[in-house]
Each structure stands twice: as C-alpha cells, then as structure tokens.
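Please read the structure below before turning to the comments.
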Number of protein chains: 2
Amino acid sequence: MIDLVKNYAITTRRIKKSVIRELLKLTNKPGVISFAGGLPDPDAFPVEWIEEVTMKVIKENSKSSLQYGPTDGMPELKREIVKHSKKLGENIRDENVLVTTASQQGLELLGKVFIDPSDPVIVELPSYIGGLQVFGAYSAKMHGVPMDDNGIRTDLLEELIIKLKKDEERYKFLYLVPDFQNPSGVTLSQERRKKVLELSYKYDFLVVEDSPYKDVRFEGTPPATLQSMDGLKSVITLRTFSKIFVPGIRVGWVVANEDIISKMALAKQAMDLCTSSLCQLIAAKFCELGYLDKQIAFVSKRYKEKRDLMMSALEKYMPKVEGLRWTRPDGGLFLWLELPKNLSADELFPKAIEEKVAYVIGSAFHCDGSGANTMRLNFSFPTHEQIDEGIKRLGNLVKKQLVNQK
Amino acid sequence: MIDLVKNYAITTRRIKKSVIRELLKLTNKPGVISFAGGLPDPDAFPVEWIEEVTMKVIKENSKSSLQYGPTDGMPELKREIVKHSKKLGENIRDENVLVTTASQQGLELLGKVFIDPSDPVIVELPSYIGGLQVFGAYSAKMHGVPMDDNGIRTDLLEELIIKLKKDEERYKFLYLVPDFQNPSGVTLSQERRKKVLELSYKYDFLVVEDSPYKDVRFEGTPPATLQSMDGLKSVITLRTFSKIFVPGIRVGWVVANEDIISKMALAKQAMDLCTSSLCQLIAAKFCELGYLDKQIAFVSKRYKEKRDLMMSALEKYMPKVEGLRWTRPDGGLFLWLELPKNLSADELFPKAIEEKVAYVIGSAFHCDGSGANTMRLNFSFPTHEQIDEGIKRLGNLVKKQLVNQK
C-alpha cells in the first residue's frame, strides 16, 4: 500500500472529520423527527409535469440533450434564465449567465476564481454552511459580521472594512444570502441592500448574492434583488432550480458581468466540462411551458402552511422565558431559534437525539465559532404531524433543561 | 466597476486565452469537415431505450430520482458499477466507488485531493488535454515520458523516477490513459502494465488509470485492467458512461481504495454536493435492464466501421513518404498521425481550415510543447462521407505542402 499521507495535498491532509457530518448521521436514527436537513418536500415534486417535459425533450432534442453541451450552458436554458431575470428587473444578456451543476458549484467556482490562501472573505454571522466549507477549503480568512432582523448590520460591516483597510488587508468579496437566509430565515431589508451597494462602490469590493429561496415567498413585498439594483457592476448572483423545481437535476446558474462569467466558465471546463444537457433542457422546457411559475406558487403555499404550523407549535410548546425567541421567515425553508444565553444548543443536541428530535447546532453556521445558544430548524421536509410532534419534544426538552439549570 | 484584476486569484490572473480553444472555434466554420472534436456519434444514441428507462425511473423512483442524493453516489448505481467492475476482474465493494459528474470531475478531484503547487506529476507524451489542463491549473510540474506502439516507455519512466528521486523531488502520481489512448489511440501492452505496477510498488507512487474507452474495443484481446492487477493498492481508476452510453447525463465514477474515495467524496461535496440523482438512476436502470452491454456492442461495431473507413482513406489519399505514419487503434475514438519531421501540423492548421478540414494539433497534447509534426484525428463523430472527403482534403494538403517544402 502506497504512503498516502505523503501524497495527499496539504489541504487534504488538513481535513478532519466534520463534526456536523457526524451529528447529521445521528439524525437518521429510526424514530427521530429531524428538523436538521434542508431538503425540499418530495411530495411537492411536480412528477407528472416532469414526465411530460422529459419525454418532450428526449423526443424533440434527442441529439443535443444526450450529447456534450457548451461549458457555459445550453442556449435554450440561458434564454429562459434571461427571461426569469428580466422579471426580477435584471437587465442581463446570455453572456452574463453561466449554467452550473447547481449553486454549490457556483460557490466552488467563486473559491477557485477568487480566493488565494489567507485572502479575507466577509460573511454573515450566521452564514450558509456550504459557503463556509468552500471558502475554508480554499484557505480563506473569514470575517463575520453580525445580523439583526433586517439582515447584515451594515454599520458593523463598514467598521470591519475600515479596520481591514487599516491593517492593509485586501478582501475578496462579501458573501450574503439576502433572501430568507439559510440558516436564519432573515431577509435583508431594502434600505440595507442600498447601503451594502453604496459600501461596495465606496470601498471597491464585490458582493456575492446567493439566493436559492427568493421565489419561495409566503407574504409581503419582495425587496429588489441586489443584481437588479447594481446592474452587473459589483454583484455576482448565484441561483438554482433546486428549491423552485427539483434538486435531483443539479442545475443552477451564476449571473455576473461578462469578464467574471468567462473566467468562471474556464474554471468550470476543468471541473466537469458542462452540466448535464438533458437536465438543462428539462429545466428549460419546464420554464418554457409555464410550469415554473405554477410550481413556485404551489411550493410557496405548501411551505407557508408548514411554516405556520411550526410557528404555532413553537407558540404552544416552547416555555415563555426571557431570551428564548425565534424568527418568522416570510419565505424559504428555515427558521432560527435562540435559546436563553445560559443554554447551549450544542450540549442539548445528544439529549434531543435521545428524545428523538433533531436540529442543526447554530454554532456550525458561525465562522467564529459563536452562536452556541442557537439552532436551525427546517420546516419544508417534515410532515405536518412531524412538525407538531417534533416541536413538542423539543419544547419539553428545553423546559426540562431550564429546570435543571436552576 | 470593481477592479477585478485585484480580486482574482493568482491562478485566474495567470489564465490566458487557450490557443486550442481559439483553434477549435475555427473548426465550427461552415463547410469545415472536423476531425478535431471528441464527440460520440449522436446517431448511435440509444434514444428509445433511454425513453423507456427514464420513464421507468421517474415513475418508480419519483422521490429519490428528483431529490438530493448521497455525495458518494446512489446505491442503485454503485451496485451496477460494482457488477461491471467484477466483469473486468476487479474485486471491489461499494466503498471503493465514488460516482462523479463524469470523468472530468474525477480529474478535478485528483487535482484537488493530491496536488500542491509545484508537485511533480508524470504524464505520457502525448497525453489527454483535459488532464493536462487540470494538473496545470493546480500548478503541478509535469514530466512527460515518451510512448511507442506499446504505450508508455517503462524504461524511460524508471529513468525519470530515479532522476526525480536524486533531485529529492516528490512525485504525486503517474497519469495514464492505457486503453486506446486519447489522443494517440495506443493501448498499453500487458507486459508494460505489469512493469508499471512493479515500478509503482518499488518506488512508491500512485498510478491513475483514466479509461473512458476501454469497452469500445473493435478486435483483439483486452489486456487486464491496471485496477484488476493491482487490487486497490496503487491504482486510482477513472471511468465514465460518456462513451459507452451518452455524455449528456454527465455520470462517471472513480474506483480506488476506501481512504482515497472518502477524501475525494469530501472534496466533491464542496464541488456540487452530489451528481444528478435522475441521471444516476437512468444509468443504473440502463445497466440493470441489460442495455449497456448491447449498446457497447452496437457502438463498437459502428466505430470499427468508421475506423476502417478512415484507415482506407488514409491509405488512399496520403502520400507515401518517409516519416508519414498513423496509428491503427483497436478501439476508441481517435487515431494519431505523424507528419515527416520537417512538416509542422501547427503551421498546417490555418491552411487546413482554408481547405475546409480540421484536426487538433498534436503539440497541444504534449506537456513539454513537443510533437509539432503530429495531429489527432477523431473518427467517431464524422459521417462516412465526411471521413472520405475530409481525409482526401487533408491528403491533398499534405502533398501540396511536401512539394512546397522542396
């Protein structure tokens, strides 16, 4: 047997077993009601439409759908993406779109194209774990900026940037999940969006708008997208069909100025040559036949019911104590729960598994390891019954824990 | 507009427009008969079987085929891959398989998991361009070893390794395309395979067996796979459905020992979370119903006809001069043509485009920039008529060039 330790790259040798992955394994135990995952509801998949669309694609485009395609994406899909962007007030052309193997590849491309070891990247506290993993794997130095109910605190963001400038550090980009954020469920307010872009122009930094859930809105007026406000100057937007159509096709896209798109396309070529032509054409046809808008409406209604159920279950089962609060997301798949400061969601986790309920510990989403008293709860995947029963188990556990703390 | 040059990573700033990409654009000019691509023949796609299989998958597995899947691959597909490996004499288990977004992702994972900047990697002269691109992007230092009609020259390989040891350099792996190599069409002989593995054990290095065409054999006895001879010690094997089924589903796989597979799976997680579940299950069902073996037989017969046609066209149209020779591949998609030493395929290229015929310049496959008098010709994609007419044009051009040289 070859000495692998000698052969692995430095970053590979450094990888340790992820605590989160080990925790997530526990959530699959039989009988455990899990709010830990981030999966869409499979009962909401538009199976009949997919059958129809897929047959059409294979029959009408048998050659192009089964062949290699261009690295930057199939023209049919780019056309639909440009149309979708126009609805969001974004004035873009085909050259501003790179189709990706879902938005995780968009994140990997960001790392590849922008990050040298020790480059500073600014993220939210908390932030999407898949983003943190990529930036970490590219050895970025991550700086976290706290959020409140209106999203990232732009005053603290400016302070950080001034401090970084003083320390003569460069910074690569600000990474934001502005709509129904994973993990917090919080949406960046219109005013803060304006402020973020002002800062980006003033201090010359790129803004990454990772927005997989934007269209899954239950109520209220959507703020403008950062991309539409910016007009291809500072903003790189990542989107995906995973939450508004199905994740199993692995199709997402990046919107950015042409120079960035061409650099990312070159990097993508080495990664997988192209995203599945078949999957791209399925997505394109799904849009073309008008099914996407219908599916978005259907999923939004369905997840709203689940969110409402989780909100009332939290009201019903959680103890009324100071410091215990949760967010009320206007869309998306997640909400965020804060325990009183003296309780640790990390320490509570094994007990929750014993009580057969699971969540993701909030500290996993904090690049600085803070957030020990927080947790992320997913409401899209569990059934109505599971939501009620699971929150009941969690509420009882928190109550028990509060008594023990005294 | 943000100052992008400041923001791009060092490797991105270093990327120049690829000469090859620019050349390939020319091959798309109207009327040009192109032997430059590497595409399978779309008329050989098993469209009806794919319709049947896809409908079965969506109907029978609507939830799992449209949902996220495990990063290392869907169990249904892994089972079929293990069966396929057993037919090749490889005794492997599910844990030795990582499903990838086709084999280009396998190459990217190799780079990610093994290569630190300036790490030496040993490649064949010539070698697959997609591999060279990945290793180059990871800033590997590439060392080329010449080939003859039996594949890589193992005597020169050993010399190189001894030299590298003396220079106190480490080396990461030897990268081989042992079956009907892209670009040369040459197959590594059984004897040389044994020798490669002996060297690998003696000098402690990994061997990458990139084998996308192995099953597309026209005649002769297949040598044993390096993986079957090695038994999961030194060999990492990359395979794909692109050439034996269809490329449009982007499904391939890596076979290696469990430790390497788990490291690659972690890296893949950041790259795209998982390969399309839908595409994986289509591939699995295609195998399960016994269609893969039939399709392999069909494609092999079809490409053999095309190879035969290209061989006779070369006989017919190429001048009989010293130094002009071509390989006769027993399978695969490509053959290799060497011009007399005083002719340059690089310089001939623009003239070929004028004469409306295209190839890939051989120097592009040489990590040391050599091979100016060589070219790669693809016979899988062009029609019978195109093969005859295209080789006629190329033959006339070479004749003209020989006269001019005098």
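The values are calculated or read from the model by the stated rules, or taken from the named source; none is laboratory data. No experiment lies behind these values; they were computed from the predicted model shown. Glycine gets a Cβ as well: all are built from the backbone with ideal geometry, and neighbour counts include every protein chain shown.
Structure notes:
- Taken over the range A:167-191, the criterion of being more than 18 Å from A:M147 (Cα to Cα) and surrounded by 16 or more Cβ atoms within 10 Å (Cβ to Cβ) is satisfied by A:Y171, A:K172.
- Note on the range A:162-208: residues that are outside any helix (DSSP H, G or I) and within 14 Å of another protein chain (Cβ to nearest Cβ) amount to 14.
- With respect to the conditions (1) buried (at least 19 other Cβ atoms within 10 Å of the Cβ); (2) within 20 Å of the chain's Cα centre (by Cα), B:I296 falls short on a single one, namely (1).
- Residue, nearest to the other protein chains (Cβ to nearest Cβ), within the range A:268-282, restricted to residues that are within 19 Å of A:E95 (Cα to Cα) and buried (at least 24 other Cβ atoms within 10 Å of the Cβ): A:S277
- Screening B:K194 with (1) closer than 16 Å to B:V123 by Cβ; (2) surrounded by fewer than 22 Cβ atoms within 10 Å (Cβ to Cβ) gives one miss only, at (1).
- When the range A:370-406 is filtered for residues that are within 19 Å of the chain's Cα centre (by Cα) and in a loop (DSSP other than H, G, I, E, B), the ones remaining, listed by number, are A:G371, A:F379, A:S380, A:F381, A:P382.
To keep it simple, each residue is scored yes or no on (1) part of a helix (DSSP H, G or I); (2) crowded, with 20+ Cβ neighbours inside 10 Å; (3) facing another protein chain (nearest Cβ under 9 Å).
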site	(1), (2), (3)
A:E48	yes, no, no
A:M55	yes, no, yes
A:S64	yes, no, yes
A:P70	no, no, no
A:S85	yes, yes, no
A:E90	no, yes, no
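- Exactly one residue out of A:E305, A:E338, A:E315 is outside the structural domain of A:S242 (by TED's automatic domain parsing) and more than 26 Å from the chain's Cα centre (by Cα): that is A:E315.
- Flag if B:M147 is surrounded by fewer than 20 Cβ atoms within 10 Å (Cβ to Cβ), part of a strand (DSSP E or B) and under 20 Å from the mean Cα position of the chain (by Cα): no
- Hey, B:S370 within 30 Å of B:G136 (Cα to Cα) and either assigned by TED's automatic domain parsing to the domain that holds B:P212 or among the hydroxyl-bearing types (S, T, Y) (or both) or not: yes
- Condition check for B:S242 on (1) crowded, with 24+ Cβ neighbours inside 10 Å; (2) farther than 18 Å from B:S85 by Cβ; (3) touching a residue at least 24 places away in the same chain (Cβ under 8 Å): one failure, at (2).
- Flag for B:G131 being outside any strand (DSSP E or B), within 28 Å of B:N373 (Cβ to Cβ) and either facing chain A (nearest Cβ under 10 Å) or of a type in the set (G, A, S) (or both): yes
- Helices (runs of 4 or more DSSP H) wholly inside the range A:1-46 containing at least 1 residues that are more than 27 Å from B:Y201 (Cβ to Cβ) and modelled with pLDDT under 70: A:19-26
- Contact map, the range B:108-125: first residue within 11 Å of chain A (Cβ to nearest Cβ) and within 18 Å of B:R14 (Cα to Cα), second residue assigned to a helix (DSSP H, G or I) and among the aliphatic types (A, V, I, L, M), Cβ cut-off under 7 Å, separation 6 or more or different chains; pairs are B:G111/B:V134; B:G111/B:A137; B:D116/A:I10.
- Test result for B:K320, touching a residue at least 12 places away in the same chain (Cβ under 8 Å) and of a type in the set (K, R): no
- Boolean, A:E168 is modelled with pLDDT of 95 or more and among the acidic types (D, E): no
- Screening the candidates B:V235, B:V251 for the property of being facing chain A (nearest Cβ under 9 Å) and of a type outside the set (S, T, N, Q) yields one hit, B:V251.
- Summed over the range B:322-342, residues that are assigned to a strand (DSSP E or B) and under 16 Å from B:G395 (Cα atoms) total 6.
- Cβ separations smaller than 9 Å between residues 6+ apart or across chains give the following pairs from the range B:295-317 residues that are closer than 20 Å to B:R393 by Cα to residues that are of a type in the set (S, T, Y) and surrounded by fewer than 20 Cβ atoms within 10 Å (Cβ to Cβ): B:K306/B:T383.
- Entry remark, the range B:100-128: residues being of a type in the set (D, E, K, R) and assigned to a loop (DSSP other than H, G, I, E, B) number 2 in total.
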